[in-house]
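The values are calculated or read from the model by the stated rules, or taken from the named source; none is laboratory data. If you're wondering where the values come from, they're calculated on a predicted model, not measured in any experiment. Because the Cβ atoms are built from the backbone with ideal geometry, glycine has one as well, and the counts that use them run over all protein chains shown. Protein only, heavy atoms only, side chains kept; ligands, DNA and RNA dropped before computing areas. Shrake-Rupley method; radii C 1.70, N 1.55, O 1.52, S 1.80 Å.
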Amino acid sequence: MSPLPERVPRFSPAERWVHRATAALMLSCLVTAAFLYYPPLSQLVGRRRLVVLVHEWSGLLLPVPLLLGLVSRALRADLTRLNRFTAADRAWLRAVRQRSYRRPAGKFNAGQKLYAAWTAGAVLVMLGTGLLMWFTHLAPLIWRTGATFVHDWLALAVAIAVVGHVWLAVKDPEARRGMRTGSVDRAWATREHPDWE
């Protein structure tokens, strides 16, 4: 009987492409938003209309990588996994709260599932409020005022969540390697995702 391979496939090329394209568009939205709304940065911008245009189109295109990626069977399977919250996920959250190192997790842990769901919802809300701000004739002034309020504060929450996501990725080089190359070390998979098939 041959020994098990050292590396375990984790993400398909399509999944890695969707992640990279979404990350690039999200980063573009966040950077341009900072240059539009943070006074010390907005003073540095000479062509504000260009920054606005990049921000609007990056936001509008943000769902496109995921929609294109749906042709991938592997991506659809992982979206199904992300969309299922199980007893193991509740146990994982309890273990985190109790600072226990025994954290049951399948391919994705409960934190990853919550982040994915929150980000998907935030992107939809940002898209909707952004369209109301972009096309001013679509709604009355009171709606546009509310959309601006929600868009601005949700953008701050998204920025904080993305910084947290990047911070956790920086702390875990094997997880980053999995997203970069598509495979992870078997020992890492066993330790971090013990219930993953």
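Worth a mention:
- Condition broken by L27, with the remaining ones in (1) out of contact with any helix residue (DSSP H, G or I) (no Cβ under 7 Å at 6 or more places or on another chain); (2) surrounded by 12 or more Cβ atoms within 10 Å (Cβ to Cβ); (3) closer than 20 Å to V71 by Cα satisfied: (3)
- The set of residues from region 89-103 being open to solvent by less than 100 Å² (accessible area, probe 1.4 Å) and in a loop (DSSP other than H, G, I, E, B) comprises S100, R103.
- Being within 30 Å of P194 (Cβ to Cβ) and of a type outside the set (S, T, N, Q) is a condition met by no residue of region 124-144.
- Number of the condition not met by V52 [criteria: (1) surrounded by 13 or more Cβ atoms within 10 Å (Cβ to Cβ); (2) at pLDDT below 95; (3) over 23 Å from T129 (Cα atoms)]: (3)
- Within region 46-85, the residues that satisfy the criterion of being touching a residue at least 24 places away in the same chain (Cβ under 8 Å), in a helix (DSSP H, G or I) and of a type in the set (G, A, S) are S58, G59, G69, A74.
- When A117, A74 are checked against the criterion of being among the small types (G, A, S), surrounded by fewer than 17 Cβ atoms within 10 Å (Cβ to Cβ) and within 14 Å of the chain's Cα centre (by Cα), A117 stands alone in meeting it.
- One residue stands out among those in region 132-155 that are in contact (Cβ under 8 Å) with a residue 24 or more places away in the chain and hydrophobic (A, V, I, L, M, F, W, C): the one that is surrounded by the most Cβ atoms within 10 Å (Cβ to Cβ), which is A155.
- Verdict on V163 being at pLDDT 95 or above, open to solvent by less than 80 Å² (accessible area, probe 1.4 Å) and either on the phi > 0 side of the Ramachandran plot or under 18 Å from the mean Cα position of the chain (by Cα) (or both): no
- Region 166-197, subset touching a Pro at 6+ places or on another chain (Cβ under 7 Å) and under 21 Å from A14 (Cα atoms), residue least open to solvent (accessible area, probe 1.4 Å): G182
- Tally, over region 180-197, of residues that are in a helix (DSSP H, G or I) and of a type in the set (F, W, Y): 1
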